[in-house]
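Student: For reference, the structure I am asking about is given below.
Please treat every number below as a calculation from the coordinates, not as lab data. Just so it is clear, the structure is predicted and the values come from calculations on it, not from any experiment. FYI the Cβ positions are ideal-geometry reconstructions off the backbone, even for glycines, and counts take in every protein chain you see.
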Amino acid sequence: MRLFATTALALALALPALANDRPGEGVTVRPILPTQIEEHLQHLVLFRALEDLGYTIAPPNEAEYQTIHLAVGAGDADFTAVSWDVLHHAFFEEAGGEAVMTKVGTLIDGAVQGYMVDKASYDAGVTDLSMLKDPEVAKRFDADGDGKADLAGCIPGWGCERVIETHLDALGLRDTVAHNQGAYPAMIADAMARLANGGSIIYYTWVPYWVAGELVPGKDAEWISVPEGTPLPDGATANTVYNGKNLGFAVDSIRVVARNDFLEANPAARALFETAKIDINDISAEALRIKNGEDKPEDLQRHADEWIAAHRAEYDAWLAAARAAAQ
């Protein structure tokens, strides 16, 4: 009888500790991901952390960035980990803004976007987007014979298309530049093929992504500048200077956006989102692995497992912060 009482007391004392280790027990989290699998790594790492905290992850839906924000704002998803702070701010506001959602933490810092040309074109003097107003300069990048530069641009719904369209209007480039908006990987593959055949190329790109690993800045291609004072969409203001050059796009960060009601009910998840950080170079490396054929669901999950194993101390610190917030 005494042994039973002692054992029962020990179990009773242990239960709160176990509960604190898994504060999300019984809660199902509804994430929403982008269709671009190159940005799934950060989600898969957070999924594993949430599961370690006791949460259940619902099968995630996928959408383009504007729709992602609308889904979170409308209550059809609890969070995403792919919201660019400046680039997607209009999407955030259009979906309900701070009344229904919060930008939590800074998951990935130092994201940049802009226009690049092949190194030979840059060395020949094509160093600024405004130069394409000259039909002779634009013709250098004409792939289809219509006399306009063929800019491998941005898919509608990503956010970058709004910036490019604003630039084309502000700089008077409509008559000399065609903003191509097909499937981005196909456009880049076509541009690379033209470059390999001795042609000149101009393209929009961003970091983190694999393109900078294939068309290496300073070796194969160069960022070109945008004239100072060229506006961003909707009168937005931001730092657009990277390595001393005005790229015309905000130097940005990638954040978690989550519903306010979810964050209020789940302080452990909030603390996780506030604490988690992934190096931008890890995201670029993941994109290159995917481009090189490691693109199946089991590959992506293995990549997440490998990332956690390589960053175990950081990952465990995230969990510790989340568990402390739940007490």
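Student: Can you tell me the relative contact order of the chain? Whole percent, Cα pairs under 8 Å, sequence separation 6 or more.
Tutor: About 26 percent, as a whole number.
Student: Right, next: Helix 160-170: angle to the longest alpha-carbon principal axis of the chain, degrees 0 to 90, nearest 10?
Tutor: Computed tilt is about 30 degrees.
Student: On a 0 to 90° scale, report how tilted helix 297-310 is relative to the longest principal axis of the chain, with both axes built from alpha carbons and the result rounded to the nearest 10.
Tutor: Once rounded, one gets 70 degrees.
Student: Once you list every other residue whose beta carbon is under 12 Å from the beta carbon of E274, what net charge do they have if Lys and Arg are +1 and Asp and Glu are -1?
Tutor: +4
Student: Using Rg and Dmax of the Cα atoms in Å as the read-out, say which of (i) 18.7, 54; (ii) 23.2, 96; (iii) 24.2, 80 was calculated from these coordinates.
Tutor: (ii)
Student: Then there is this: Report, for the chain, the % of DSSP beta bridges that are antiparallel, rounded to 5.
Tutor: About 60 percent, rounded to the nearest 5.
Student: Can you put I164, I290 in order, fewest other beta carbons within 10 Å first?
Tutor: Numbers: I164 23, I290 20.
Least crowded to most crowded, the residues run I290, I164.
Student: Would you mind checking K119/K148; K119/K277; K119/K139; K139/K245 for any pair whose Cα atoms are more than 22 angstrom apart?
Tutor: Flagged as over cut-off: K119/K277; K139/K245.
Student: Label region 183-327 by shape, choosing from rounded, prolate and oblate, from the square roots a ≥ b ≥ c of the eigenvalues of the Cα gyration tensor; if a/c is under 1.5 it is rounded, and otherwise prolate applies when a/b is larger than b/c, oblate when it is not. Let's see the in-between values first.
Tutor: Numbers: a/c = 2.62, a/b = 1.50, b/c = 1.75.
It comes out oblate by the Cα gyration axes.
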